Amino acid sequence: MAHNNHKEMLIMGLSGAKKITESVCKYLKVKPMPTTISHFADGEILVRPEMTVRCHRVTVIQSLTKPVNEHIMELLIAIDALKRASAEKINVVIPYYAYARQDRKTLGREPITSKLLASLIERAGADRVAIVDIHSDQTQGFFDAPVDTLKATFLTVIQALKKMNTKNLVIVSPDYGGVKRARSIAGTLHVPLAILDKRRPIPNQAEVTNVLGDVNGKDCLISDDMIDTAGTIVAACRVLKQKGAKSITIAATHGVLSNPAVERLTKAVKEKTISNIYLTNSIESVYEKTIPNLQIVDLGKYLSEVIETYYNDHGSISKIYNHYNLRK
């Protein structure tokens, strides 16, 4: 671990990110700072660092996963506790950012909850925020503090490519919103791109009606930011199969896996509609051994490099990306 003139590196891992914090600390060769997290009978939460943080730089890691609102409050209270304990700087790393899909008004009288959450985190006292594969890049603009929207899709893609024939590969975007990400991957690998025509009549329900591009006889790799109920992704895979796809692999960052996602994905793998699934541990999963052919890709090393850059006040996030070059 590189050192500078600052005091020891302090990493606070909260309830939604215990395993990923352990992984980050392993790579940084530090121990998670002792922290008391108490949940009272009436639902109130207390977070208290059990060591001095005065004039220290502290990184808080919290994934805003289910129970979402409880984990949000835990994060806000942790930041407030550190601020009131005179921490020099509070960096917040959020592997999974909740409410990311509520980033604009699509109908009258709708809230923009993603912006509200950003304001709460900043008002609590966060000096810098890092978010992994945010649903929409415009979320950066909801913060006045510096924000890094860390790209992690390439980590799952790298793992997927180890089992795939790149000479017969097609990168597939699950919808028009993911075209930029898929085009970047396809361009880096010099392979064709296909786009699924998806419509969402109501929340958590999507219709995939067509494929733009040739997938007949091809090994398809679907790149996505998250899998929630898996209705969209399974429907997409079935359409690709109907269009003659030879195999279909999914590489996504966030495994939200709300009901009935596990059942849908398990069935699709057993039917050989899906060959392999790759997800990161941005959301702690208990389904690695439940869903066949599912592999969890650890973000620990990647996030540890980002956190070390913050701690040392120099370095480039772009250079960290170059360590994981898809062309290698």
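Checking Lys319 against (1) within 20 Å of the chain's Cα centre (by Cα); (2) in contact (Cβ under 8 Å) with a residue 60 or more places away in the chain: exactly one of these is not met. Which one? Lys319 satisfies every listed condition except (2).
The residues on offer are Lys66, Lys83, and the sole one that is open to solvent by 50 Å² or more (accessible area, probe 1.4 Å), within 22 Å of Thr21 (Cβ to Cβ) and assigned to a helix (DSSP H, G or I) is Lys83. Applying the selection to the range 145-195, what residues are out of contact with any strand residue (DSSP E or B) (no Cβ under 7 Å at 6 or more places or on another chain) and closer than 29 Å to Tyr310 by Cα? Matches in the range 145-195: Lys151, Phe154, Ile158, Lys180, Ser184, Thr188.
Among residues that are of a type in the set (Ser, Thr, Tyr), within 25 Å of Val172 (Cα to Cα), at pLDDT below 90 and open to solvent by 10 Å² or more (accessible area, probe 1.4 Å), Ser318 is included. Condition check: within 21 Å of Val132 (Cα to Cα), modelled with pLDDT under 95 and not hydroxyl-bearing (Ser, Thr, Tyr). Does His254 satisfy that? Answer is no for this residue.
Considering only residues in the range 259-274 that are open to solvent by less than 40 Å² (accessible area, probe 1.4 Å) and either part of a loop (DSSP other than H, G, I, E, B) or acidic (Asp, Glu) (or both), the one that is farthest from His71 (Cα to Cα) turns out to be Thr273. Scanning the range 211-249 for residues that are of a type in the set (D, E, K, R) and in a strand (DSSP E or B) yields Asp219, Asp224, Asp225.
Listed residues Val60, Val30; which is under 22 Å from His254 (Cα atoms) and either aliphatic (A, V, I, L, M) or under 22 Å from the mean Cα position of the chain (by Cα) (or both)? So the residue among Val60, Val30 that is under 22 Å from His254 (Cα atoms) and either aliphatic (A, V, I, L, M) or under 22 Å from the mean Cα position of the chain (by Cα) (or both) is Val60.
Residues that are surrounded by fewer than 19 Cβ atoms within 10 Å (Cβ to Cβ) and more than 17 Å from the chain's Cα centre (by Cα) were ranked within the range 167-179; the one that is nearest to Leu221 (Cα to Cα) is Asn168.
Might you let me know whether the range 37-58 holds any residue that is polar (S, T, N, Q) and surrounded by 21 or more Cβ atoms within 10 Å (Cβ to Cβ)? Spell out how you get there, then give the answer.
Quick first cut of the range 37-58, residues polar (S, T, N, Q) only: 38, 52.
Still in the running and surrounded by 21 or more Cβ atoms within 10 Å (Cβ to Cβ): none.
No: zero hits.
The set of residues in the range 276-299 being within 16 Å of Ile131 (Cα to Cα), surrounded by 19 or more Cβ atoms within 10 Å (Cβ to Cβ) and not hydrophobic (A, V, I, L, M, F, W, C) consists of Thr280, Asn281, Ser282. From the list Pro146, Pro260, Pro174, the lone residue that is without any contact (Cβ under 8 Å) to a residue 60 or more places away in the chain and more than 30 Å from Ser119 (Cα to Cα) is Pro260.
The values are calculated or read from the model by the stated rules, or taken from the named source; none is laboratory data. What you are looking at is a predicted structure, and each value in this text was computed from that prediction instead of being measured. Cβ: placed from backbone, ideal geometry, glycine included. Neighbour counts: every protein chain shown. Ligands, DNA and RNA are excluded from the accessible area calculation, which covers all protein heavy atoms including side chains. Shrake-Rupley method; radii C 1.70, N 1.55, O 1.52, S 1.80 Å.
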